[in-house]
Amino acid sequence: MKYLFILDYARLDQGAFLKHFARSLAGLKLESFMMIHADSAYTTRITETGVLTETARIRAVKELNHRLTALFADEGIPLIAINGYQRDTIVQSGQELTLNSSYLLDLGSKTNVLISNLIADGEGKTIQLPLAKLAKALHAQLHFEHIIAFDANDKPESLIMTGETDEAAENVLPDELKDHQLPLLLIRPSQMASGKAFQKAINTGKP
């Protein structure tokens with residue numbers, strides 16, 4: 001697969017962004033891509049009902065996986081959605097992380113793939129892998145041409161200004177990616193609005 005998109009904690013709770021992103025991807029008609037995610041502020045809303053935090057995180061990630069699949073399907077984008085622990089796709093035993101890369105490549109040869117950060121530990125329990133570590137592990141095995149995250153400095157209100165962006169504004173990494181070791185490209189939602197804008201971001205490496 002050519003593209004890896006990273007949906008961070010803040011963006012996952014922005015309905016306007018997610019709708020814009022899905023519509024933009026539909027318009028771009030990219031080759032097959034992979035998208036990864038963890039949890040969002042939805043976790044907090046679950047804990048407010050009395051659910052323990054760790055249980056709430058796992059529940060939130062699973063539900064987001066389903067919601068994102070439905071959202072993208074509404075825009076005509078097919079996704080195979082999985083959690084990393086399913087079929088032992090991603091397993092962490094001690095410090096060793098194992099990926100079933102042949103399975104992921106097979107999925108990616110058929111359609112786009114959405115994968116969560118819920119993985120299996122050596123005892124078969126479900127645990128969370130930090131988003132940056134998940135991206136790094138996937139890239140090491142699948143060798144994406146472009147790893148894309150969204151500039152945290154870009155305000156959700158700017159989604160209605162799809163033809164404009166403040167090029168002078170400082171680019172800000174999402175919190176989960178601040179210690180990343182990835183060839184990461186930060187873009188803004190406006191850069192997804194057209195094929196020309198997207199290719200400019202890809203080619204120049206700048207929002």
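The values are calculated or read from the model by the stated rules, or taken from the named source; none is laboratory data. This structure is a prediction, so every number in the text was calculated from the model and none was measured. Cβ placement follows ideal geometry from the backbone for every residue including glycine, while neighbour counts extend to all protein chains displayed. Remember, those area values only see protein heavy atoms, side chains included, never the ligands or the DNA or RNA. Shrake-Rupley method; radii C 1.70, N 1.55, O 1.52, S 1.80 Å.
When you check GLU63 against the structure, is it among the acidic types (Asp, Glu), modelled with pLDDT under 95 and out of contact with any helix residue (DSSP H, G or I) (no Cβ under 6 Å at 6 or more places or on another chain), yes or no? So GLU63 fails the test. For first residues located in the stretch 25-37 and over 16 Å from MET192 (Cβ atoms), partners that are modelled with pLDDT under 95 and in a loop (DSSP other than H, G, I, E, B) and lie 6+ apart or on another chain with Cβ distances below 7 Å form the pairs SER32/MET1; SER32/THR111; MET34/MET1. The residue that is nearest to GLN128 (Cα to Cα), counting only those in the stretch 58-83 that are basic (Lys, Arg) and open to solvent by 80 Å² or more (accessible area, probe 1.4 Å), is ARG59. The residues of the stretch 19-37 that are open to solvent by 20 Å² or more (accessible area, probe 1.4 Å) and among the hydroxyl-bearing types (Ser, Thr, Tyr) amount to a single one, SER32.
Considering SER40, SER102, SER109, SER93, which residue is hydroxyl-bearing (Ser, Thr, Tyr) and open to solvent by less than 50 Å² (accessible area, probe 1.4 Å)? Walk me through how you get there before you give the answer.
Details: SER102 fails: open to solvent by less than 50 Å² (accessible area, probe 1.4 Å); SER109 fails: open to solvent by less than 50 Å² (accessible area, probe 1.4 Å); SER93 fails: open to solvent by less than 50 Å² (accessible area, probe 1.4 Å).
Within the list SER40, SER102, SER109, SER93, the selection yields SER40.
Pull up the stretch 112-131, narrow it to residues that are open to solvent by less than 20 Å² (accessible area, probe 1.4 Å) and either without any contact (Cβ under 8 Å) to a residue 40 or more places away in the chain or assigned to a helix (DSSP H, G or I) (or both), then point me to the one that is farthest from PHE33 (Cα to Cα). Among those residues, the one meeting the criterion is ALA120.
Of the residues making up the stretch 78-98, just one is more than 15 Å from the chain's Cα centre (by Cα) and under 18 Å from TYR3 (Cα atoms), namely PRO78. Number of residues in the stretch 159-201 that are surrounded by fewer than 18 Cβ atoms within 10 Å (Cβ to Cβ), outside any loop (DSSP other than H, G, I, E, B) and at pLDDT below 90: the value is 1.
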